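Peer 1: What follows is a single structure, and I will ask about it in a moment.
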Amino acid sequence: MKQTIKFKLNGDNVAVEVFRDEPLLTVIRTYLDKTGTKYGCGIGECGACTVLINKEATRSCMILIEDVADKEIITIEGLQLKNGELHPIQKAFVELDALQCGFCTPGMILNAYGLLLKNPTPTREEVLIGMEENLCRCGSYNRIIDAILNAAKELNEKVKI
């Protein structure tokens, strides 16, 4: 039986009528048409479906929609700055060519954002550890790590994340 689940998505209050045992990923992509969040493995191992739930990086394929009631969710579509510009993390990924096919990029960026919320000045080693569960089939890891470190530096100089 379907029920209405309410939560905040990218700053907007939403209510969706869904089966309560549907994965958050399905609801985001199918019901709410936010297709930046990708389906990768479906078992929480690759990180392509990473979103932020109450500022915590979470694999949306592993969370049931009923578990996000009254919580705040941010997808890649909600990360841009209020003035419409790319978030410094997104900008750093572009500037350092930290993507190839782009499939893992939304999950990488959201995981990086969650990492920088917890630790605004990470070392290279801390970024490596924080990102180790996000997979990139193209092998852009060094550029991804550099982009995160550059974004952290910029955020600490100009923008409060």
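Peer 1: Hey, can you tell me all the residues within the range 18-34 that are open to solvent by less than 40 Å² (accessible area, probe 1.4 Å) and either charged (D, E, K, R) or at positive phi (or both)?
Peer 2: E22, the sole residue that qualifies.
Peer 1: Tell me, please, whether a residue that is modelled with pLDDT under 95, open to solvent by 20 Å² or more (accessible area, probe 1.4 Å) and within 22 Å of G42 (Cα to Cα) can be found in the range 117-133.
Peer 2: Within the range 117-133, one or more residues are modelled with pLDDT under 95, open to solvent by 20 Å² or more (accessible area, probe 1.4 Å) and within 22 Å of G42 (Cα to Cα).
Peer 1: Residues of the range 46-57 being without any contact (Cβ under 8 Å) to a residue 40 or more places away in the chain and in contact with a helix residue (DSSP H, G or I) (Cβ under 8 Å, 6 or more places away or on another chain), which ones?
Peer 2: Across the range 46-57, the qualifying residue is only I53.
Peer 1: Follow-up question, since we're still on this one. Those residues that are open to solvent by 60 Å² or more (accessible area, probe 1.4 Å) and free of Cβ contacts under 8 Å to residues at least 12 places away in the same chain, I need them from the range 84-103; list them, please.
Peer 2: Of everything in the range 84-103, those that are open to solvent by 60 Å² or more (accessible area, probe 1.4 Å) and free of Cβ contacts under 8 Å to residues at least 12 places away in the same chain turn out to be E85, L86, V94.
Peer 1: Moving on to the next point. Please tell me if D67 is within 26 Å of R29 (Cα to Cα), at pLDDT 95 or above and not aromatic (F, W, Y).
Peer 2: On the way: within 26 Å of R29 (Cα to Cα): yes; at pLDDT 95 or above: yes; not aromatic (F, W, Y): yes.
When the stated conditions are applied, D67 passes them.
Peer 1: Exactly one condition in (1) touching a residue at least 60 places away in the same chain (Cβ under 8 Å); (2) closer than 30 Å to A152 by Cβ; (3) open to solvent by less than 20 Å² (accessible area, probe 1.4 Å) is not met by L81; state its number.
Peer 2: L81 satisfies all of (1) touching a residue at least 60 places away in the same chain (Cβ under 8 Å); (2) closer than 30 Å to A152 by Cβ; (3) open to solvent by less than 20 Å² (accessible area, probe 1.4 Å) except (3).
Peer 1: Looking at the structure I just gave you, is E66 in contact with a Lys or Arg (Cβ under 8 Å, 6 or more places away or on another chain) and either closer than 23 Å to N134 by Cα or not basic (K, R) (or both)?
Peer 2: Criteria met by E66.
Peer 1: To continue, here is another question. Can you find even one residue in the range 37-47 that is at positive phi, within 15 Å of the chain's Cα centre (by Cα) and either in a loop (DSSP other than H, G, I, E, B) or small (G, A, S) (or both)?
Peer 2: yes
Peer 1: Yes or no: P106 surrounded by fewer than 20 Cβ atoms within 10 Å (Cβ to Cβ) and at pLDDT 95 or above?
Peer 2: Working: surrounded by fewer than 20 Cβ atoms within 10 Å (Cβ to Cβ): no; at pLDDT 95 or above: yes.
Considered against the rule, which asks whether it is surrounded by fewer than 20 Cβ atoms within 10 Å (Cβ to Cβ) and at pLDDT 95 or above, P106 comes out as no.
Peer 1: Quick check on I43: is it surrounded by 19 or more Cβ atoms within 10 Å (Cβ to Cβ) and touching a residue at least 12 places away in the same chain (Cβ under 8 Å)?
Peer 2: Working: surrounded by 19 or more Cβ atoms within 10 Å (Cβ to Cβ): no; touching a residue at least 12 places away in the same chain (Cβ under 8 Å): yes.
For I43, the condition - surrounded by 19 or more Cβ atoms within 10 Å (Cβ to Cβ) and touching a residue at least 12 places away in the same chain (Cβ under 8 Å) - is not met.
Peer 1: Also, I was wondering about something else. I need the helices (runs of 4 or more DSSP H) fully contained in the range 65-161, keeping only those with at least 3 residues that are closer than 30 Å to F19 by Cβ and in contact with a strand residue (DSSP E or B) (Cβ under 6 Å, 6 or more places away or on another chain).
Peer 2: Numbers: elements: 88-95, 105-118, 124-131, 141-157.
Answer list for the range 65-161: 105-118.
Peer 1: Looking at T50 and the list (1) buried (at least 19 other Cβ atoms within 10 Å of the Cβ); (2) modelled with pLDDT under 95; (3) of a type outside the set (A, V, I, L, M, F, W, C), which single condition is not satisfied?
Peer 2: Exception for T50: condition (2).
The values are calculated or read from the model by the stated rules, or taken from the named source; none is laboratory data. All values derive from a computational prediction rather than experimental measurement. In this analysis, Cβ positions are derived from the backbone assuming ideal geometry, glycine residues included, and neighbour counts consider all displayed protein chains. When the accessible area is computed, the model is the full protein with side chains, heavy atoms only, and any ligands, DNA or RNA have been set aside. Shrake-Rupley method; radii C 1.70, N 1.55, O 1.52, S 1.80 Å.
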